[in-house]
Amino acid sequence: MNRRNFLKLGVPATGAAILAPSVIAKAMSNIQRQFTGKPAFDSYDVLINGGGFSGYFAAIQAAKSGKRVLLVEKRSSLGYELTAKSRFWLGTNGIEKLPEDISGVLWSDEESSEVHTTEGSGAGKGIFGDELALMAGTLKKGLLANVLAHKVDTLLMTDVCGLFTKKGDVQGALLACKHGLFAVKCQHFIDASEHAVFSRKLLGQNPLPKSATFALEIWKTTSPQQKSVPVSSSLGVSGNKVNIHRGKHANHQVFLEFSFDANGLDLDTVEHRARELATALGKALPTIDPMFAKAEITQFAWETSVVLQDRAQPQPKLSGHHIVGDTQAPSDCSQLLAIREKAEGLVASLGGSTHSPSAFAELVIVGATIPTQHVTLAEVDEPGLAIPLKRCTFDTGLIATRQDCQVFVAGGGTAGAMAAIGATSKGANTIVADFFQDLGGTKTMCGVMGYYHGYRNQPYFKQQDEEANRLAVEAHMTKRLGRMSYLLQQVRQGDGQFFGSTILCGAIASENNVKGGLVCRQGTLEAIYADVSIDATGDGDLAAFAGAAFDHGDARTGKTQNYSQWDIRGAGKVPSSTSRDYDIIDNTRIAEVQRGLFISHYEAHCYDFYPMLAVRESRRTKGEYELNVIDAIEGTHFPDVVCLASSDFDPHYVGLSDYTRCGFLLPHSIDIVVEIPYRSIVPKGLNGLLLSGRGFSQTQEAYQFTRMTSDLIVLGYLTGQIAATLSFNGTRAKDFDISPLQQEWAALGYYPEGYLSKQTGNKIEAPGEAERRVNALSQGKREYLYACIKLPKQQAVPLLKESFQTASDAQTQLLIAQALAWFGDQTGSNVILRDLNNLYVQEREKGYPADFVDNYDLIRGREHNVLEGLFWRINQHIALLARSGYEGAKSTIRTILENTTSGGPMMKRESEYFDGRIDLKLVPFHNRILNLSYFIERLPDTQFIVGLEKLLQDPHVGGYRTSEYEKVRWRVYGGDLELHIAAALARSGGKRGYELLADYLHDLHHTFKSFAVSELKTLTGKQHGYDVAAWGQAIKSLDYPRSVVALNS
């Protein structure tokens, strides 16, 4: 299924399967609707909880009958009966009766390049005997495409946890997601979630499992023909057999399905038991049957299929509350059609409107009824979301379901799983909660298993990595699955519990004391109370819920690194790289997360893709100490060091900080080791909370060195041990003395020998260090330019100015002038300007080849951070002259500007991998244009208007504002560049700059919108928020050219 057919799967009201070209535009507008701004309505006719096949068919039928529909699904894809359970097969009974709008979702011509079997036949080459093999990606992509094209508003990774009522009528629903709790009005509520667990619990039932089934995907089998294989009774598998289902991705691909007795287990324990049995089967795999002699388990199902002890459908008590009875996976095509018929019958029974939702009277949650006078509803700050949500808050003390522990870990990802293991290793009763049913986060749920950098000599890191890999080998599974199994074993070995399929949606806090977290688990709001909580969400969610201050993205625009959602690498040739990056999203916003998930489905391969968005950057919570870039690059030693981190400078884009614009920290320059101090994991002003994972207190420049997974694994483990110690000692985090733990860790070899006895601080604080560096620079040693700009300004500038006066040659004068310019001193800026003019003449004479690639001066691995290439030496001069505020450079900058173009279309990169990187495949002169904008923003002048407007007319520079979510991938960084030009142009007084900023209020990216609003507010003094019409009128009323407004003036 290609990207075009992601949309073409959508069907119009007639039920036709494929959209004709004439209506593609209409389908596109339907899909965009969720991201067009504030909603024009306040209520849904039907809200459907659960995006399995019952919910899917009900949503489409309701939309076709003219109803306004919201579909809510707690997973990251639809079709949970098959997609979440890895049941990628259907019996062929009834296949001839499938209409095109169903068959087009089950198989597609577009998946043919990923179907490598030579043994399947018929529909999609997927028929093996009496079964039809399916592809996960095809299903996920097709189901989402269809509901969106039918104008069904859709919220993924969202669950229903309450109903608003009035006089016995449903008035709305309470939704939980990573952003909090939200109310939405509706006339009818259909619970089509798995087993309707939410409704059952709401009505007083306690759904208990009777039996369970789990599926494994296995590769490298030999001649798989059997449909079932006997296994040893010692494995504990029902019937002492496993069932085998063929896959169509490759001849050697099969799905192994086994069942087990679930009586006496709760739903969480069922999931854990399934994985324990899967590991046991893996260890016995070669002996089960000759076909598995060289086989390897490549995937676990994301979830277990469960049969309840009591399958009777409960009867709702509220008018407008409807329950889909049986949500078991269809066994064949006839059953799939029966599910559709039943869902359509339910929708037909709704009839017209029974009532119009009015003010809520009560909020009904599992275990409690809360009068709405105790509930606060507020507007949401979501300018890109066209779904009428209200933020909902109430006293968490009203929640009846409560869990207690010593340590609560919010997030079971790279750091969180290790934090739980660390806490339990100290004997603390620990609960770790995660959205997914497996631990490991980015490594396991995103598939990013490589260690690209990191301080990998750390003994505990090596120990846990070796143990996880050993388990993978023993159980004949991939390293990813081995890691998942290892983490679960380690958490549950001690006094630890893992709550999967759990949404963190709030904090339990009062008077700056964090007492735990609020979660939604299986439709039930639960309060988890703890002595100490750890925010290991990676996004600072728990800390933000508790009121902690934070930074987000770069200081100028708020932009973060891009995100991805990796395809699962299949057999044979893949359609494209499986690790593609897609866009920039602000995952602190509901609309941005939904948009990111939609893009991922649109771009994904048909074989399969991981369920989790790989978001590289989010909030950085303010702590008792903020790790900064000087700490990183100068190697500051902290007395409260927790662990070490290591990386090169990796902003995963061009880098927008002053250090990069001035050429001192170009992407992938310098590979260093950084210390993470304890104070950086203690949020400022909050007690009872620690930070772990990437979101601890640090500047964005420092963050580029500390986000590697190997380092976050160790940080997580040690943070867990700290939390356990705090719990046992009853000590406030802010007052904790970490030194006894440091001594314990040192004895285990967690630090290099003698490390804790190092002198604290860094070299720049040492007596005579400033003089030493400036003296070396005065001798013409180019590498000391970088060394000098790291000095404190008050020490460096007097020494540099004195040295400039005595410099004996032009090259030395230039070096000293550059250092002074960095500190904002104009002494010698004329020398920089003279060299800039000379370099620019050389550049014009030499020119650049048609296939020019800006490779950041080939800085990677260079021993000294010194620029050698012409392109970046010019860029450096431009930025340094901006920092010195040298007005005399304007004429030269104007000349360069008016002769600068994009350099042509996006650069053809040196390899297929780099050519697929949206952060690397830019127009050739992207960085030159950024640096010109950097100068002009700080020294704006009307003389720059013509040159900037000319740049915007370049077809490879202008026109990148994006309002269609499926087009963002190769436009996002063009949009970023265009916005920087717009800001420079507006600050220079140009009308087109103002207009372009206002135009970006139509862009899909929240970061771009918020930057545009911030600039317009600064430039005009007006406050119109995201009101496009108001800004349009305001801009028309102004006289141009406007007065210039310098950045930071």
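The values are calculated or read from the model by the stated rules, or taken from the named source; none is laboratory data. Computed from a predicted structure; not experimentally measured. Glycine gets a Cβ as well: all are built from the backbone with ideal geometry, and neighbour counts include every protein chain shown.
Brief remarks on what is shown
- Matching option when the condition is within 30 Å of C505 (Cα to Cα), of a type in the set (A, V, I, L, M, F, W, C) and modelled with pLDDT under 95, among A183, A173, A136, A149: A149
Residue by residue, here is whether (1) among the basic types (K, R); (2) in contact with a helix residue (DSSP H, G or I) (Cβ under 9 Å, 6 or more places away or on another chain) holds:
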{"residue": "F128", "(1), (2)": "no, no"}
{"residue": "E131", "(1), (2)": "no, no"}
{"residue": "K151", "(1), (2)": "yes, yes"}
{"residue": "G162", "(1), (2)": "no, yes"}
{"residue": "K178", "(1), (2)": "yes, yes"}
{"residue": "E194", "(1), (2)": "no, yes"}
{"residue": "V197", "(1), (2)": "no, yes"}
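Okay, residues lined up against (1) touching a Lys or Arg at 6+ places or on another chain (Cβ under 8 Å); (2) part of a helix (DSSP H, G or I); (3) of a type outside the set (V, I, T):
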| site | (1), (2), (3) |
| --- | --- |
| L363 | no, no, yes |
| T369 | no, no, no |
| L377 | yes, no, yes |
| G384 | yes, no, yes |
| P388 | yes, no, yes |
| C392 | no, no, yes |
| D404 | no, no, yes |
| V407 | no, no, no |
| T414 | yes, no, no |
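- Among the residues listed as T901, T892, the single one being in contact with an Asp or Glu (Cβ under 9 Å, 6 or more places away or on another chain), polar (S, T, N, Q) and more than 30 Å from D671 (Cβ to Cβ): T901
- Qualifying residue in segment 673-696 (condition: within 19 Å of A787 (Cα to Cα), part of a helix (DSSP H, G or I) and in contact (Cβ under 8 Å) with a residue 60 or more places away in the chain): no
Table: residues versus (1) modelled with pLDDT of 95 or more; (2) aromatic (F, W, Y); (3) assigned to a loop (DSSP other than H, G, I, E, B).
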| site | (1), (2), (3) |
| --- | --- |
| G15 | no, no, yes |
| L19 | no, no, yes |
| S54 | yes, no, no |
| V72 | yes, no, no |
| D101 | no, no, no |
| S112 | no, no, no |
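- Residues that are basic (K, R) and over 13 Å from P383 (Cα atoms) were ranked within segment 1006-1028; the one that is nearest to the chain's Cα centre (by Cα) is K1017.
- Of the numbered criteria (1) closer than 17 Å to R894 by Cα; (2) part of a loop (DSSP other than H, G, I, E, B); (3) charged (D, E, K, R), the one R961 fails is (1).
- Residue match in segment 760-768 (condition: hydroxyl-bearing (S, T, Y) and either part of a helix (DSSP H, G or I) or farther than 30 Å from D535 by Cα (or both)): no
- Residue check for D581: among the charged types (D, E, K, R), touching a strand residue (DSSP E or B) at 6+ places or on another chain (Cβ under 9 Å) and closer than 30 Å to I929 by Cβ: yes
- Residue list for segment 521-552, restricted to those being in a loop (DSSP other than H, G, I, E, B) and surrounded by fewer than 22 Cβ atoms within 10 Å (Cβ to Cβ): G547, A549
- Index of the failed condition, Q497 passing every other in (1) assigned to a helix (DSSP H, G or I); (2) polar (S, T, N, Q); (3) over 22 Å from I297 (Cα atoms): (1)
- Residues being touching a residue at least 12 places away in the same chain (Cβ under 8 Å) and either touching a strand residue (DSSP E or B) at 6+ places or on another chain (Cβ under 9 Å) or not in a helix (DSSP H, G or I) (or both) - total across segment 862-900: 10
- Check on L1038, crowded, with 18+ Cβ neighbours inside 10 Å, over 26 Å from the mean Cα position of the chain (by Cα) and farther than 23 Å from V654 by Cα: no
- Within segment 702-719, being among the polar types (S, T, N, Q) and out of contact with any helix residue (DSSP H, G or I) (no Cβ under 7 Å at 6 or more places or on another chain) holds for Q704, T706, T709.
- Among the residues of segment 37-46, not a single one is touching a Leu at 6+ places or on another chain (Cβ under 9 Å), modelled with pLDDT under 95, buried (at least 20 other Cβ atoms within 10 Å of the Cβ) and assigned to a loop (DSSP other than H, G, I, E, B).
- Meets criteria (of a type in the set (G, A, S) and more than 25 Å from Q561 (Cα to Cα)) for S963: no
- Yes/no for T731 being polar (S, T, N, Q) and not in a helix (DSSP H, G or I): yes
- Subset of segment 256-270 [surrounded by 22 or more Cβ atoms within 10 Å (Cβ to Cβ) and assigned to a strand (DSSP E or B)]: L256, F258
- Among the criteria (1) assigned by TED's automatic domain parsing to the domain that holds G50; (2) crowded, with 24+ Cβ neighbours inside 10 Å; (3) in contact with a Lys or Arg (Cβ under 9 Å, 6 or more places away or on another chain), the one L163 does not fulfil is (3).
- Listed conditions (1) farther than 30 Å from E276 by Cα; (2) out of contact with any Lys or Arg (no Cβ under 9 Å at 6 or more places or on another chain); (3) of a type in the set (A, V, I, L, M, F, W, C); (4) assigned by TED's automatic domain parsing to the domain that holds S697 are all met by F550, apart from (2).
One line per residue, one yes/no per condition, for (1) outside the structural domain of D551 (by TED's automatic domain parsing); (2) crowded, with 22+ Cβ neighbours inside 10 Å:
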site	(1), (2)
P667	yes, no
S692	no, yes
S697	no, yes
E701	no, yes
T706	no, yes
D735	no, no
Q743	no, no
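- Pair list, Cβ < 7 Å and 6+ apart or interchain, from segment 299-311 residues that are at positive phi and surrounded by fewer than 24 Cβ atoms within 10 Å (Cβ to Cβ) to residues that are assigned to a loop (DSSP other than H, G, I, E, B) and at pLDDT 95 or above: none
- Residues satisfying the stated conditions in segment 64-85, i.e. in contact with a strand residue (DSSP E or B) (Cβ under 6 Å, 6 or more places away or on another chain) and buried (at least 24 other Cβ atoms within 10 Å of the Cβ): V69, L70, L71, V72, E73, K74, S76
- Among (1) at pLDDT below 95; (2) farther than 15 Å from L504 by Cβ - the single one T396 does not satisfy: (2)
- Residue satisfying all of: in segment 92-125; within 17 Å of W219 (Cβ to Cβ) and either over 32 Å from the mean Cα position of the chain (by Cα) or of a type in the set (K, R) (or both); surrounded by the most Cβ atoms within 10 Å (Cβ to Cβ) among these: G120
- For segment 293-352, taking the residues that are of a type in the set (A, V, I, L, M) and in contact with an Asp or Glu (Cβ under 6 Å, 6 or more places away or on another chain), the one that is nearest to H476 (Cα to Cα) is identified as A329.
- Segment 933-968, subset aliphatic (A, V, I, L, M) and modelled with pLDDT of 95 or more, residue farthest from A145 (Cα to Cα): L939
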